[in-house]
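What follows is one structure encoded as structure tokens, with my remarks underneath.
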Number of protein chains: 2
Amino acid sequence: MHDSIPLVRHMHVRVAAFDGGGLTLSAPLAPNINHEQTAFGVSLAGLATLACWGLLWLQLEDHEHTHIVVNESHLHYLRPVNGELRAHCPHPPEEMLRRFLHTLARRGKARVELKAEILQDGQICTEFQGAFVAYRENGS
Amino acid sequence: MHDSIPLVRHMHVRVAAFDGGGLTLSAPLAPNINHEQTAFGVSLAGLATLACWGLLWLQLEDHEHTHIVVNESHLHYLRPVNGELRAHCPHPPEEMLRRFLHTLARRGKARVELKAEILQDGQICTEFQGAFVAYRENGS
């Protein structure tokens, strides 16, 4: 993503953790600051979206010919973030993931809804919900 | 915004129009491209948010001591954008704006919902709905 999306490079996104709990991305405050000296809403939205996108991408078998796009997103900004940005996307329920991968394999296209949170000091600062569509090239 | 939000600078956001129709912001594709060679969803979300934020800011009387933050946003990505990004936020209904400014003046805080669209070749590519909260410093 760093190589092909300039804005992600400018955000200085890093993988903080990928384990049984899900995928956590982080980004320093400085390049993502707004005029209020807190994290820029667009950066928070972006980091949460990328955490879900990344988690989904890691589940795919054929990375080369499968694309993932965000179809819909809903964000709720609860508290400002005044330190490092951290977005956590937990693994979706196993059954949901199994159905998603099965539909993708059978129809060449599948949709799934994921959630992510921006956390600071154990408190939820931003809630993210997104619908993602994965599809194989040329419906192959 | 260019001076105080690094990411907005990296997006190369410009004011394309501000008139009776509302506020239109534009940004070139190159700095906002994704790995699919279309506009990055985060940039589309950002440009639509900024169009609404900017329109609201232009309605304020006391720019120095009033802050506007986005509280909630909903995005629907309908079609990819493969050229210049353009986000248009139309003026909200006059009565809604009057009520918003009246509440802000009386209570030092007010909330308003705005819509914006990303358009290309006359077609809607992205629909944005956002709730914004304006407040005066120290409830002054």
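Miscellaneous remarks
- Residue in the stretch B:14-30 that is touching a Leu at 6+ places or on another chain (Cβ under 7 Å) and facing chain A (nearest Cβ under 10 Å) present: no
- Close pairs (6 angstrom Cβ cut-off, 6 or more residues apart or separate chains): farther than 17 Å from A:Val133 by Cα in the stretch A:90-101, not in a helix (DSSP H, G or I) anywhere: A:Pro90/A:Gly22
- So A:Trp57, is it crowded, with 20+ Cβ neighbours inside 10 Å, of a type in the set (Phe, Trp, Tyr), more than 8 Å from every other protein chain (Cβ to nearest Cβ) and farther than 15 Å from B:Val70 by Cβ: no
- Filter pass, A:Leu50 being within 13 Å of chain B (Cβ to nearest Cβ), of a type outside the set (Ser, Thr, Tyr), under 17 Å from B:Phe40 (Cα atoms) and crowded, with 22+ Cβ neighbours inside 10 Å: yes
- Among (1) closer than 30 Å to A:Glu64 by Cα; (2) at pLDDT below 95; (3) surrounded by fewer than 17 Cβ atoms within 10 Å (Cβ to Cβ), the one test that B:Pro31 misses: (3)
- Per the conditions (1) crowded, with 19+ Cβ neighbours inside 10 Å; (2) at the interface with chain A (Cβ under 8 Å from one of its Cβ atoms); (3) touching a Pro at 6+ places or on another chain (Cβ under 8 Å), the sole criterion not satisfied by B:Glu36 is (1).
- Candidate set from the stretch B:60-78 (those that are within 9 Å of chain A (Cβ to nearest Cβ) and among the β-branched types (Val, Ile, Thr)); member that is nearest to B:Glu137 (Cα to Cα): B:Val69
- For the stretch A:77-104, the set of residues classified as farther than 16 Å from A:Leu25 by Cα and exposed (fewer than 15 other Cβ atoms within 10 Å of the Cβ) consists of A:Leu78, A:Arg79, A:Asn82, A:Pro93, A:Glu94, A:Glu95, A:Met96, A:Arg98, A:Arg99, A:His102, listed by residue number.
- Test for B:Gly108: is it touching a Gly at 6+ places or on another chain (Cβ under 7 Å) and more than 28 Å from A:Val8 (Cβ to Cβ): yes
- For first residues located in the stretch A:112-123 and over 25 Å from A:Glu94 (Cα atoms), partners that are not in a strand (DSSP E or B) and lie 6+ apart or on another chain with Cβ distances below 8 Å form the pairs A:Gln120/A:Arg79; A:Gln120/A:Val81; A:Gln120/A:Asn82; A:Gln120/A:Gly83; A:Gln123/A:Arg79.
- Residue in the stretch B:88-101 that is in contact with a strand residue (DSSP E or B) (Cβ under 6 Å, 6 or more places away or on another chain), under 25 Å from B:Pro6 (Cβ atoms) and within 14 Å of chain A (Cβ to nearest Cβ) present: no
- Verdict on B:Leu85 being more than 9 Å from chain A (Cβ to nearest Cβ), under 12 Å from the mean Cα position of the chain (by Cα) and either under 29 Å from A:Leu50 (Cα atoms) or among the aliphatic types (A, V, I, L, M) (or both): no
- Residue ID - surrounded by the fewest Cβ atoms within 10 Å (Cβ to Cβ), chosen from residues in the stretch B:105-123 that are charged (D, E, K, R) and over 26 Å from B:Tyr135 (Cβ atoms): B:Asp121
- Picking from residues in the stretch B:66-76 that are over 12 Å from the mean Cα position of the chain (by Cα) and within 15 Å of B:Phe128 (Cα to Cα), the one that is surrounded by the fewest Cβ atoms within 10 Å (Cβ to Cβ) is B:His76.
- Members of the stretch A:14-28 that are closer than 11 Å to A:Glu84 by Cα and buried (at least 16 other Cβ atoms within 10 Å of the Cβ): A:Leu25, A:Ser26, A:Ala27
- In the stretch B:2-13, the residues that are surrounded by fewer than 21 Cβ atoms within 10 Å (Cβ to Cβ), touching a helix residue (DSSP H, G or I) at 6+ places or on another chain (Cβ under 9 Å) and at the interface with chain A (Cβ under 7 Å from one of its Cβ atoms): B:Pro6, B:His10
- When A:Leu29, A:Leu55 are screened for being within 24 Å of A:Leu7 (Cβ to Cβ) and within 15 Å of the chain's Cα centre (by Cα), only A:Leu55 passes.
The values are calculated or read from the model by the stated rules, or taken from the named source; none is laboratory data. Since we're looking at a predicted model, the values are computed, not measured. Because the Cβ atoms are built from the backbone with ideal geometry, glycine has one as well, and the counts that use them run over all protein chains shown.
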